[in-house]
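**Student:** One structure coming up, written as structure tokens, with questions to follow.
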Amino acid sequence: MTPYFLCLLLFLIGVYAVVRKRNIIKIIIGLIIAEYAVNLFFILFGYKLEGRSPIYSPDQEIFNMVDPLPQALVLTSIVIGLATTALAVAIAIRIYEKYGTFDITKINKLKG
Amino acid sequence: MFELNILLIFMIIGALIAIEVKDLLSAVVAVGASGLALCIVFLILKAPDLAITQIVVEILCLIILIRATIKKDLPFSTSGRWFFNTLATLVFLAIFAYLGYVALKELPSFGNPIMKVSQFYLNEALKETKATNIVSAIILNFRAYDTLGEATVLFTAVMGVMALMRWKGRKDIAEKDNE
């Protein structure tokens, strides 16, 4: 069970960065770390001991493969993670251009 | 699974450095090291497709983040309710960790997944789709609507980035404001 708990710890580090840090880039880094942890948890959950990767080949036995379904879902999730990160960074760059800072406590002027 | 635990601890150390170091560029580099370790973890866990995708996405992510952080820095400040904020965050995380611990104890042990749905894919993939790579068979045949949704999300995100970052429209708006 040790990998599960290490994965939970990684997720907690990401959540800590999102909740506590005041720099927008640090918050985005926390989001990325939490996303790593979630992707990793799916793959850990689908892993089968002594299994092999889910690719058929004629000269090998096929009945001890790892779970292919989480891998397919995580493949989608990784790419969507890149897209959301790019969108968050774009918003951060615009905020920096407008306010000259990444500190979220200094961004309090709500003018158009 | 000794090497798996070592790599996970490496990822945790990388993440801790990334969120605690003061220099933003160093933080980005540390999170990149963590992501490349995740790529090796995927290889150890027998997911080669994911390892390839992860390494490409990781490099693109690093380029985007470096574009955002280069020559922009913020001094570390502890003003405000530093103690109260940290205490509230840690209490929240402790409750979250306890609930996660209780939930993870109920899962089947590591290395013995429940494969009721996946067994169908493993048995039928070669017959139904003629694809030897089962992950490809799932994302492009059995669950192709998921991939369509992924393309939709990507398109929406790219539209958002272009709307935020384009130069022409913003200049027009600025001129109108000045008039």
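The values are calculated or read from the model by the stated rules, or taken from the named source; none is laboratory data. If you're wondering where the values come from, they're calculated on a predicted model, not measured in any experiment. With ideal geometry, Cβ positions are generated from the backbone for all residues, glycine too; neighbour counts draw on all protein chains shown. The area values use the complete protein model at the heavy-atom level, side chains included, leaving out ligands, DNA and RNA. Shrake-Rupley method; radii C 1.70, N 1.55, O 1.52, S 1.80 Å.
**Student:** Looking for something among the hydroxyl-bearing types (S, T, Y) and within 25 Å of the chain's Cα centre (by Cα) - is there at least one such residue anywhere in region A:47-68? Give the steps one after another, and end with the answer.
**Tutor:** Looking only at region A:47-68, we keep the residues that are among the hydroxyl-bearing types (S, T, Y), and these are A:47, A:53, A:56-57.
Okay, now just the ones that are also within 25 Å of the chain's Cα centre (by Cα), so A:47, A:53.
Looking through region A:47-68, at least one residue is among the hydroxyl-bearing types (S, T, Y) and within 25 Å of the chain's Cα centre (by Cα).
**Student:** So is A:P54 closer than 20 Å to B:G35 by Cβ, open to solvent by less than 30 Å² (accessible area, probe 1.4 Å) and not hydroxyl-bearing (S, T, Y) or not? Reasoning before the result, please.
**Tutor:** Working: closer than 20 Å to B:G35 by Cβ: no; open to solvent by less than 30 Å² (accessible area, probe 1.4 Å): yes; not hydroxyl-bearing (S, T, Y): yes.
No.
**Student:** Would you check which residues across region B:1-26 are under 16 Å from A:I32 (Cα atoms), facing chain A (nearest Cβ under 7 Å) and touching a residue at least 40 places away in the same chain (Cβ under 8 Å) and list them?
**Tutor:** Across region B:1-26, the qualifying residue is only B:L24.
**Student:** Just the residues that are within 25 Å of A:T84 (Cα to Cα), among the acidic types (D, E) and either over 25 Å from the mean Cα position of the chain (by Cα) or modelled with pLDDT of 80 or more (or both), please, taken from region B:58-106.
**Tutor:** Looking only at region B:58-106, we keep the residues that are within 25 Å of A:T84 (Cα to Cα), and these are B:58-74, B:89, B:93, B:96.
Pick out the ones that are also among the acidic types (D, E) and you get B:58, B:73.
Correct list: B:E58 only.
**Student:** Of the conditions (1) open to solvent by 60 Å² or more (accessible area, probe 1.4 Å); (2) more than 8 Å from chain A (Cβ to nearest Cβ); (3) of a type outside the set (D, E), B:P108 fails just one. Which one is it?
**Tutor:** Looking at each condition in turn, B:P108 falls short on (1).
**Student:** Turning to a different aspect of this structure: Would you pick out the residues in region B:91-127 that are under 22 Å from B:I138 (Cβ atoms), free of Cβ contacts under 8 Å to residues at least 12 places away in the same chain and either polar (S, T, N, Q) or assigned to a helix (DSSP H, G or I) (or both)?
**Tutor:** B:N112, B:K116, B:V117, B:S118, B:Q119, B:F120, B:N123, B:E124, B:L126, B:K127
Yes or no, residue by residue, for (1) assigned to a helix (DSSP H, G or I); (2) at the interface with chain B (Cβ under 7 Å from one of its Cβ atoms):
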residue: A:I25; (1), (2): yes, yes
residue: A:A34; (1), (2): yes, no
residue: A:F42; (1), (2): yes, no
residue: A:E50; (1), (2): no, no
residue: A:I80; (1), (2): yes, yes
residue: A:T84; (1), (2): yes, yes
residue: A:I93; (1), (2): yes, yes
residue: A:Y96; (1), (2): yes, yes
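**Student:** Tell me which residues, restricted to region B:113-139, are within 7 Å of chain A (Cβ to nearest Cβ) and open to solvent by 60 Å² or more (accessible area, probe 1.4 Å).
**Tutor:** Residues of region B:113-139 within 7 Å of chain A (Cβ to nearest Cβ): B:113, B:115, B:117-118, B:121-122, B:126, B:132-135, B:138-139.
Answer for region B:113-139, where residues must be within 7 Å of chain A (Cβ to nearest Cβ) and open to solvent by 60 Å² or more (accessible area, probe 1.4 Å): B:V117, B:L126, B:T132.
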